[in-house]
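What follows is a short report on a single structure.
The values are calculated or read from the model by the stated rules, or taken from the named source; none is laboratory data. A quick note: this is a predicted structure, and the numbers were derived from the prediction, not measured. With ideal geometry, Cβ positions are generated from the backbone for all residues, glycine too; neighbour counts draw on all protein chains shown.
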Amino acid sequence: MFSPIDWYLILAYIVFAFSAGLLLSSKAGESLSSYFVADRKLPWWWLGTSMVATTFAADTPLVITGMVAQDGVGGNWLWWSWAIGYLIITVFFAASWRKAEVLTDVEFVELRYSGTGAAILRASKAFFLSILFNSIILGWVFKAMSKITAPFLDWNILLGPEVFGSISAHWPSFLILGDLNTTLTVLILFSVVVFYSSMGGIQGVILTDLFQFALGIGGAILFAFFAIDYVGGLQGLYSKLGSLYPGKSESIVSFWPRIGEEDHGLPIQVFLIFIGVQWWIQYHSDGSGYLAQRLHTAKTPKDAELGSLWFNIANFILRTWPWVLTGLVCLVVFPLEKADLFQAEGVVVQTDREIAYPVLMKIVLPAGCLGLVFVSLMAAFMSTADTHINWGASYLVNDLYLRFLKPNAGNKETVIAGRVAVVLMAGIAILVAAQMNSIASAWKFFLAMASGLGLPQILRWIWWRANAWTELSGMGTALLLSLILYKVYPDVNADYLLFFTALGSVIVSIVVTFLTPPVSEKVLDSFVSKLQPFGFWGKWGGSNSRKKFYFRVRIWLLAIFCLYAWLFGIGYLLQLKFLYGSLFLLAGAVSGYLVFRLWEMKDLISDPH
């Protein structure tokens, strides 16, 4: 249980979140633009930090703890590989999202395409992204928070056995997140999220995100410090790993894939899927989704680019190592092959490695620090939940209600619809979370289900021939294949199923593209004139758009090298391998300078004709 100072910290944060919603409710209620894109007036550091806070979910440290236990540090390539795609957004698409001046990324569909196909695609994506995809994301975030709160809060004690027993007798069985105790905690926290999200709109969400990011990163670093100190510092950590896992510790701490059949480490074939496939099959491959929603709020296209760049730096270089080091400490404190299994709050850590993270908090953190780290995870949970219910609601209102049901609705009516949609999204997400088991398995199934969106969404920005049916066929094929393959082959590695799902959806979408007519020349004229995209635009772009595309490819590749050099340079220093760390950091500094110089030149590329 928490000490009084821990409770004060928790209550203080809840009061702050409520206050943010109330203070911004009148401003958010002025129009749909205010409610969902903050009147497009935010600076780069604000929107970029909000993007990081959103991806800094309560589930992430738990998943990373499980990955480290299963595949070692190299297992993090599951999400490290996403940096390749996120940098594409920065280099190619961030500024264009701001220039498009749409309310949602789904609305962009009818800017890029036209006709019946565009209308069907807009409605389909609005439904699938808001109801299906978004609910699964929120579901695993709720599941993570239920695991985090399990070792700390006991409502049977707080409410008394009689009251708790009465609630238990009447509580519906289909609405349980783990058990009734954790369900009550998560629903109370989520009620706060629904309140300030519905009242303050995106401005309330982003304001709380700034504070939530500071809390989240601070809490992760504080926890890592105490965890490492608990096992005797960094030297003690690696020494104990060597003693507990003889012959395996090097594979556990390695960043790189393994060749062979060792018990720990990332298999080379899975690594190749991560870096060769996974980054471009993401549903946000071009910045779509909640990332685009943040980019729409930028003051200028330049702010959108800088915000996206800051997001990449903070998301991968700043956030990785506190979680990874804590995950390694969990392997020491709760050994994988320990005979007398450690048990906490009725949960056996060995059978659920994800829960090792919150259980370790209870062991190593003193009063006050425990409350602060718990609040940081609570903030991470809220920052993700508020974004996704606001983002999902934007589709329901802008792309279904206003587009197809009531296009002439006034500002007041649409804002009310937005607030109702936020509550609706919340209810659906709770129901989905109650049916979810493993967070990591939900992550991987979601990646496969959404994989059909990735390549078509990139193609629509760089290739004139892409049309609405390209996206529709890719999305439908991936959804169908994931439902079939994961059902028929439950014991096959999920990463292999992801590969075949992505491959099938790509083949179908390309074939369908050539079997269906291109977008009308009038629409292409308007799109190219407005956004001046890079790539292969035939007579609409000429050689200039191709030159700019190739030039930005160089920037992108160099930026990838720079980011990973900094990521692993810091990692090697924390492994006490100072020579490797220094060399990687030097390479990162040099490549970073070259990226900066090339970035200054990017707008000088022109067609000599």
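Would you be able to say whether some residue in region 255-277 is surrounded by fewer than 24 Cβ atoms within 10 Å (Cβ to Cβ), at pLDDT below 90 and under 19 Å from Leu42 (Cα atoms)? Looking for residues that are surrounded by fewer than 24 Cβ atoms within 10 Å (Cβ to Cβ), at pLDDT below 90 and under 19 Å from Leu42 (Cα atoms), one finds none in region 255-277, hence no. From the list Phe527, Phe549, pick out the single residue that is buried (at least 16 other Cβ atoms within 10 Å of the Cβ) and either assigned by TED's automatic domain parsing to the domain that holds Leu309 or β-branched (Val, Ile, Thr) (or both). Result: Phe527 is the single residue among Phe527, Phe549 that is buried (at least 16 other Cβ atoms within 10 Å of the Cβ) and either assigned by TED's automatic domain parsing to the domain that holds Leu309 or β-branched (Val, Ile, Thr) (or both). Contact map, region 274-286: residues that are without any contact (Cβ under 8 Å) to a residue 60 or more places away in the chain and within 17 Å of Asn76 (Cα to Cα) paired with residues that are surrounded by 23 or more Cβ atoms within 10 Å (Cβ to Cβ) and of a type in the set (Phe, Trp, Tyr), Cβ distance under 6 Å, separation 6+ or inter-chain. No pairs are found. In this structure, Ser526 does not qualify as within 21 Å of Phe549 (Cβ to Cβ), touching a Pro at 6+ places or on another chain (Cβ under 6 Å) and part of a helix (DSSP H, G or I). Within region 289-321, being buried (at least 24 other Cβ atoms within 10 Å of the Cβ) and assigned to a loop (DSSP other than H, G, I, E, B) holds for Gly289, Thr297. A single entry from Ala379, Ala339 fulfils the requirement of being in a loop (DSSP other than H, G, I, E, B), farther than 30 Å from Phe500 by Cα, at pLDDT below 85 and of a type in the set (Gly, Ala, Ser): Ala339. Being assigned by TED's automatic domain parsing to the domain that holds Trp461, within 16 Å of Cys330 (Cβ to Cβ), small (Gly, Ala, Ser) and modelled with pLDDT of 90 or more is the requirement here; does Gly236 meet it? Yes; evaluated as a whole, the condition is true for this residue.
How many residues are assigned to a helix (DSSP H, G or I) and either surrounded by 24 or more Cβ atoms within 10 Å (Cβ to Cβ) or modelled with pLDDT under 70 (or both) when one looks only at region 24-48?
14
Of all residues in region 218-247, those being buried (at least 20 other Cβ atoms within 10 Å of the Cβ) and either under 25 Å from the mean Cα position of the chain (by Cα) or of a type in the set (S, T, N, Q) (or both) number 4.
A single member of Ser173, Ser191, Ser197 is in the same structural domain as Thr387 (by TED's automatic domain parsing), at pLDDT below 80, out of contact with any helix residue (DSSP H, G or I) (no Cβ under 6 Å at 6 or more places or on another chain) and assigned to a helix (DSSP H, G or I), and it is Ser191. Of all residues in region 146-170, exactly one satisfies the criterion of being small (Gly, Ala, Ser), part of a helix (DSSP H, G or I) and touching a Ser or Thr at 6+ places or on another chain (Cβ under 9 Å), namely Ser146.
Scanning region 396-415 finds one or more residues that are under 27 Å from the mean Cα position of the chain (by Cα), closer than 29 Å to Ser173 by Cβ, of a type outside the set (Ser, Thr, Tyr) and at pLDDT 80 or above.
Restricting to region 140-158, give me the number of residues that are closer than 13 Å to Thr60 by Cα and not hydrophobic (A, V, I, L, M, F, W, C). Number of matching residues: 2.
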